[in-house]
1. Give the relative contact order (percent, whole number) for the chain; include only Cα pairs under 8 Å separated by 6+ residues.
2. Using modelled amide H (1.01 Å from N, peptide plane; none on Pro or chain starts), what sits under 5 Å from the amide H of E274, excluding residues fewer than 5 places away?
3. For the chain, what does the helix formula give at 222 nm: sum of -39500 (n - 2.57) over DSSP H segments with n ≥ 4, over the residue count, nearest 500 deg cm²/dmol?
4. Go ahead and set up a Gaussian network model of the chain, Cα springs under 10 Å, then flag whichever of G367, G350, G187 fluctuates most.
5. Tell me, which longest segment in the chain has none of the GluC sites (Glu not before Pro) that fall in DSSP loops with at most 16 further Cβ atoms within 10 Å?
6. Normalised by the residues of the range 6-173, what does the relative contact order come to in percent, with Cα pairs under 8 Å and at least six apart?
7. Please give me the summed charge of the neighbours of A360: other residues whose Cβ is under 12 Å from its Cβ, Lys and Arg +1, Asp and Glu -1.
8. Using a Gaussian network model of the chain with C-alpha springs under 10 Å, which one of C327, C346, C30 is most mobile by mean-square fluctuation?
Amino acid sequence: MKTTHVKRAFKYRFRPTDAQAAELSRTFGCVRKVYNLALAARTEAWTRQERVNYNQTSAMLTAWKKTGELAYLNEVSSVPLQQALRHLQTAFANFFGKRAMYPRFKSRKKSRKSAEYTTSAFRFRDGKLTLAKMAEPLDIVWSRPLPEGASPSTVTVSQDAAGRWYVSLLCEDPSVKPLPATSAAVGIDVGIGHLLTLSTGEKISNPRHERRDRARLARAQRELARKARGDGANRRKARRKAARVYARIADRRRDHLHKLTTRLVRENQTIVIEDLSVRNMAKNRSLARAISDAAWAEFRSMLEYKARWYGREVIAVDRWFPSSKLCSACGTLRGGMPLNVRIWTCGSCGTVHDRDVNAAKNLLAAGLAVSVCGAGVRPQRSSPGGQSATKQKTPRREP
């Protein structure tokens, strides 16, 4: 039986020469132009109730290159341009499959600058990567080694808003294998005061990365706001300075979440979380900043793909499940509980609950019920006030 390895992207910083930076900047611009032209053509066809696929846009690209106005598209590698059309095809497939919104046009200032190269457009030998249209290999900072004998299938070059250059190499990683099975299971309640509360009683503090750099960020934003509108050099410098502060915050947040999710996946066979609609919750103006800084959606995404890698299971319990108001000892449902109530006593059995720990315990019990018998939640008793605590299966709201 053939062993299949996980494909994993390894991302590195690199320092381009002036010539390489100029070539990559031209490529980014051409990728954006081709994507927008193809999107405009497909949108126009959509208004006429017609479908345009990748092959048709590829033929359009050939015709565009022959025009005087778009002849500059011939100056860069054709592979990133074709990959842009493939990405647009994927975006439309997700739209028609109701997994995403309608594709949007790329902006020169706001959209991510990137270009993807396949094997025909780069050479990787002896640890040196050379892209098409370039004479010299990239000066990559190899912060960690690639898997032994790895051969990249695609290479993605990008530049972030802070001006940092990155190269991402997609390789098969034989080191990613399912971990030995364990009986450990944990329920996780996410929050703002504490980032995570586990059903074991452990509470993981919220680093609040954005709050730590809030003064520095506000100063950078004020300097940017004072610059004249337009594309002047001073405004570009101020924008880059603010972007560096944002990048610092995002890097620290991502590093912290990687460490947390790796630990949880290694220690537990089953991990139960709540199926929160983070996008809707972030519409609360008083909590939006704190919710965005906590990055619950990014935490869940990391947890799920690492669980797939290592043979673990992540269960998401319905967001309407009353995990905070339900007594984990006797199953009694409390009528109401404002957010400022952090400790409460069950009126039936007298158990004193920490709100977050109790919610994590209830999520774990509900998740195990889902895993064993497919139930939405476990059976619950009626509260003293006569309110039924049995949860009927309700349709999920769209995130």
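Derivation of every value follows stated rules applied to the coordinates shown; laboratory data play no part. Quick caveat, the model's predicted, so the values are computed rather than measured. Neighbour counts are summed over all protein chains in view; Cβ atoms, including those assigned to glycine, are modelled from backbone coordinates with ideal geometry.
1. Normalised by residue count, the contact order of the chain is 14 percent.
2. V190, V317
3. -13000 deg cm²/dmol
4. Looking only at G367, G350, G187, the largest GNM fluctuation is found for G350.
5. 203-399
6. 35 percent
7. With Lys, Arg at +1 and Asp, Glu at -1, the neighbours total -2.
8. Looking only at C327, C346, C30, the biggest GNM fluctuation is shown by C346.
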